[in-house]
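The values are calculated or read from the model by the stated rules, or taken from the named source; none is laboratory data. What you see is a predicted model; the values in this text were computed from it and never measured. Because the Cβ atoms are built from the backbone with ideal geometry, glycine has one as well, and the counts that use them run over all protein chains shown.
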Amino acid sequence: MTQPVSKNSILAGMTGRALVIAGLVVIVAACLPMVLSSYQVGLATEVLIFGVLAMSIDILAGFAGRTSLGHGAIFGVSTYVVVYATGQAGLSLWTGFALGVLAATAVASVFALLAVRTSGVYFLLLTLALGMIVWGVCLRWTQVTGGENGMRADVRPAILMSHSAFYWAVLTGAVIVSFAMWRFVRSPFGLTLRGIRDSESRMRSLGYNVPLHLFIGFTVSGIFAGVAGGLYAMFNNFVSPSTVALAQSVEGVLMMIAGGVGTLFGAFVGAAAIIVLENIVSSYTERWLMVLGITFVLIMIFAPEGIIGKLRAITSRKAR
Amino acid sequence: MSLFQLLNGLTFAALLFVVASGFTLIFGLLRIVNLAHGALYLFGGYIGYSVAVKTGSFVVGGIGAMAAIAAIGFVLDQGLLRFVRGNELRQVLLTLGVAFFLNDLALVIWGGDSFTVPIPEMLRGGTRVFGTFYPIYRLFVLGMGIFVFIGLWVLLNHTRLGALIRAGVDDAEMVEASGVNIRRVFLFTFLFGSALAGLGGLMGGAFLSLYPSADAEILTFSLAVVIIGGRGSLVGVGVGSLLVGLLNTLGQVMFPELAYFVIFGPMAVLLAFRPLGLFGRAT
């Protein structure tokens, strides 16, 4: 039996065309700072960061069939740790970043331990409650977290001070973790997760340890959410309880759904859509949360398959 | 824990019971996890506050809060949730969107200041309970909690409607097949559960005060109660409320800054052994 060489390489299964498209997208993204204003480059940076968060949620929602409402908290824990480590504790950015991702992974593994036994609505409720607990702790533990006022620190190093330089740094990071996530869901492990999503009982009778797979899947997803949180600390240089609040998780989930559940890279489209919407709305009114709520309701009623899925459905209907 | 703190825990548990029983009724029968329940609580509190201040009557405030929240519940159920029936995930996320909308709307209408619902004359001041001086109003809340428990118990176990609700929790399709209009029972339950959130808002607004993030806090506590107690069980809500209320008070006394954390421990231990909660049954 002869196997194509690419199957064994790190790019397993990526066709030539997909590789070219991915390359083009990255090149276009890299050129953005040359045409956009510095404010818009800031927005694009935000899109990349939240795209990574939405992708990390998609690993669970799209490939393991479990939608988490606690990822905003995991993301925010990393932000808190990075800001605290580089500010109050005076550590270097690299140490701080590593600690942040580590903390997010630890929190995710605790969430995972509790949540893997549940599915469907119970999973949603439990991750929501756990996320709220993190928020409550960040709000009340004033001595460490600064309570409602939050914390400020100059997280970003001098060479990344300009908008474009930071954008390119985040783009590099986003490309690396996106590739890692793509590789993860295409791995045999990722396929097992998909099997669990489609039929838990069948996977169990085939001899797979379902809770263990979900635990690892959740924890890995937490690592990526932690990376996004660390990048956000560098982006914002500030953290407050609203970073770990439910709204953060909800926005992440909304971006993931808007981009299309299970599409992975759609997360960036969803993140761009929501962040652009947020900025347009915010220039007219302060009622962003209200608009977010309405958007959520409308998407749930009219386009639960996401913007891309909806467009695809409409165009295929027209084509017929 | 002193008697004073024990009473604090019990009265908080009573409030939680009123709010969470509405939540679990809806969850148990309609299979809808209404994450707007916390927002309904806050809205009920604000409306009750406004009505009570205008009319000078706590009772009228309570009736106003319950009626207004039942009306919002009606719009939510008939206007929005009907489009996503049968899909649990979409329902939950939709109610979450509604929660954000209502929370922000409350901020527009009442602003970000905290309000305290005025307590009626006869419930002001304190009294001696086993030698401890304790506010009368909080004892009233405790009484209300017990009253609502007994009322729900009678409703669920000794009326035809209650029998339908219980049957619906077990198997809604079967009830429908035997000629009952289960939709009407569903709608009544949804309105009734929402009204309980409104009542809770008014009761809680008088001793915990009302402020923009109060909805998220009460929702977390209600979720903990329902996760511990199990879906759709009245006794489960009672036991869950007592546990969460007492643990929260214990946490506040022992680790004031991490009180939130103390409800987490028991929930974790419980979930390891009973993923469906103490009184929850698999469906």
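Things to note:
- Residue within the stretch A:155-168 that is surrounded by fewer than 18 Cβ atoms within 10 Å (Cβ to Cβ), closer than 30 Å to residue B:256 by Cβ and of a type outside the set (Ser, Thr, Tyr) present: no
- Among (1) surrounded by fewer than 24 Cβ atoms within 10 Å (Cβ to Cβ); (2) touching a residue at least 12 places away in the same chain (Cβ under 8 Å); (3) part of a helix (DSSP H, G or I) - the single one residue A:56 does not satisfy: (1)
- Only residues that are crowded, with 21+ Cβ neighbours inside 10 Å and on the phi > 0 side of the Ramachandran plot were counted in the stretch B:209-230, giving 1.
- Cβ-Cβ under 6 Å pairs, at least 6 apart or on other chains, the stretch A:62-73 side at negative phi and in contact (Cβ under 8 Å) with a residue 24 or more places away in the chain, far side small (Gly, Ala, Ser) and not in a helix (DSSP H, G or I): A:62/A:262
- The set of residues in the stretch A:283-304 that are within 13 Å of chain B (Cβ to nearest Cβ) and surrounded by fewer than 16 Cβ atoms within 10 Å (Cβ to Cβ) comprises A:285, A:286, A:298, A:302.
- Residue A:304 satisfies every condition listed in (1) modelled with pLDDT under 80; (2) in a helix (DSSP H, G or I) except (2).
- Every pair of residues 6+ apart whose Cβ atoms lie under 7 Å, when the first sits in the stretch A:156-183 and is over 20 Å from residue A:28 (Cα atoms) while the second is among the β-branched types (Val, Ile, Thr): A:181/A:59
- The single condition among (1) more than 9 Å from every other protein chain (Cβ to nearest Cβ); (2) over 19 Å from residue A:46 (Cβ atoms); (3) part of a helix (DSSP H, G or I); (4) not β-branched (Val, Ile, Thr) that residue A:270 does not satisfy is (2).
- Elements of type helices (runs of 4 or more DSSP H) contained in the stretch B:1-114, each with 1 or more residues being under 23 Å from residue B:156 (Cβ atoms), polar (S, T, N, Q) and within 19 Å of the chain's Cα centre (by Cα): B:3-30
- Residues that are more than 14 Å from chain B (Cβ to nearest Cβ), touching a strand residue (DSSP E or B) at 6+ places or on another chain (Cβ under 6 Å) and under 20 Å from residue A:132 (Cα atoms) occur at least once in the stretch A:239-256.
- Top-ranked residue in the stretch B:98-151 [being farther than 27 Å from residue B:240 by Cβ and crowded, with 20+ Cβ neighbours inside 10 Å; ranked as farthest from the other protein chains (Cβ to nearest Cβ)]: B:110
- Test: residue B:217 is in a helix (DSSP H, G or I) and under 15 Å from the mean Cα position of the chain (by Cα): yes
- Here residue A:277 meets each of (1) more than 23 Å from residue B:107 (Cβ to Cβ); (2) of a type outside the set (S, T, N, Q); (3) surrounded by fewer than 20 Cβ atoms within 10 Å (Cβ to Cβ) with one exception, condition (1).
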